[in-house]
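The values are calculated or read from the model by the stated rules, or taken from the named source; none is laboratory data. Just so you know, these numbers come straight off a predicted model, no measurement behind them. Counting neighbours? That spans all protein chains shown, and the Cβs are built from the backbone with ideal geometry, glycine included. Surface areas here come from the heavy atoms of the whole protein model, side chains and all, with no ligands, DNA or RNA. Shrake-Rupley method; radii C 1.70, N 1.55, O 1.52, S 1.80 Å.
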Amino acid sequence: MAGPVLGVELPGPLSDERLGVLRRMLSHISDRFVEERPGHFDLSVVAESLGVVDLDQERSRPFLVITAGPGVGDEETFEAEHADLPNLEPVIGFTPTHDVSIIAMCNGRVDHMVTALLTAEVMALVDGVVSIEIHHWQAPAIRDLPGLIAITPGPVCTAYGTSELVRAWVAHPNFQLVK
């Protein structure tokens, strides 16, 4: 059963240098690391490496971390995911041309926490703006957190922000990611 997904919107592709730094970080926090193509990582993240106590007593959690966009792979997926979005330039300051998706392959509370913290770590290396889907009833809690850039309305809203937002959200008592 797949779990939550967070995306990091990027104004361009990752440089080879940034991709190398991302590769090293991901391999360091994982006990299984496979790079299926440059920027497409299949890994098992050790929750404790991100400061999460894994109450399920699992050794590690399965994740995919995938860069997408023109010239790097998964172009069709990137285009499909962005086709129905509003013009993001006035919202986040740029039009995304690429992204990094952090995809949990399980859906327990630990997986939600690891997804958020892994996203914050990825953002520290690649910059960009996180897009976090939230339920409309979570919007008031998100509005008060540091690092928020914008929230789009709807039954499922999207909060855009910095890694500071991600870290503040995971520490909030109402934290939960939309699956």
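With all pairs of different alpha carbon atoms counted, what Kirkwood hydrodynamic radius in Å does the stretch 111-162 show?
Averaging 1/r across every pair of different Cα atoms and inverting gives 11.5 Å.
From the C-alpha coordinates alone, can you work out the Kirkwood hydrodynamic radius of the stretch 1-61, in Å?
13.2 Å
Direction-averaged shadow area of the convex hull around the Cα atoms of the stretch 78-179, nm²?
For the Cα atoms of the stretch 78-179, the hull's average projected area reads 6.3 nm².
If you take the charge dipole of the chain about its Cα centre, with +1 on Lys and Arg Cβ and -1 on Asp and Glu Cβ, which of A2, G93, V166 is farthest toward its positive end?
Ranked along the dipole, the leading option is V166.
Take the alpha carbon atoms of the stretch 128-171, find their center, do the same for the stretch 2-20, and report the distance between the two centers in whole angstrom.
With the stretch 128-171 and the stretch 2-20 each reduced to a Cα centre, they are spaced 18 Å.
Please quote Rg/Rh for the stretch 35-135 to two decimal places, taking the Kirkwood radius as Rh and restricting both calculations to Cα atoms.
Across the stretch 35-135, the Cα-based Rg/Rh ratio is 0.99.
Taking only the alpha carbons of the chain, what extent do you get along each of the three principal axes, in Å, biggest first?
Over the chain, Cα extents along the principal axes are 40, 39, 27 Å.
Tell me the carbon and sulfur percent of the accessible area for the chain, rounded to whole percent, probe radius 1.4 Å.
54 percent
Modelled label-to-label distance, D144 and E36, 7 Å Cα→beta-carbon offset: nm?
4.1 nm
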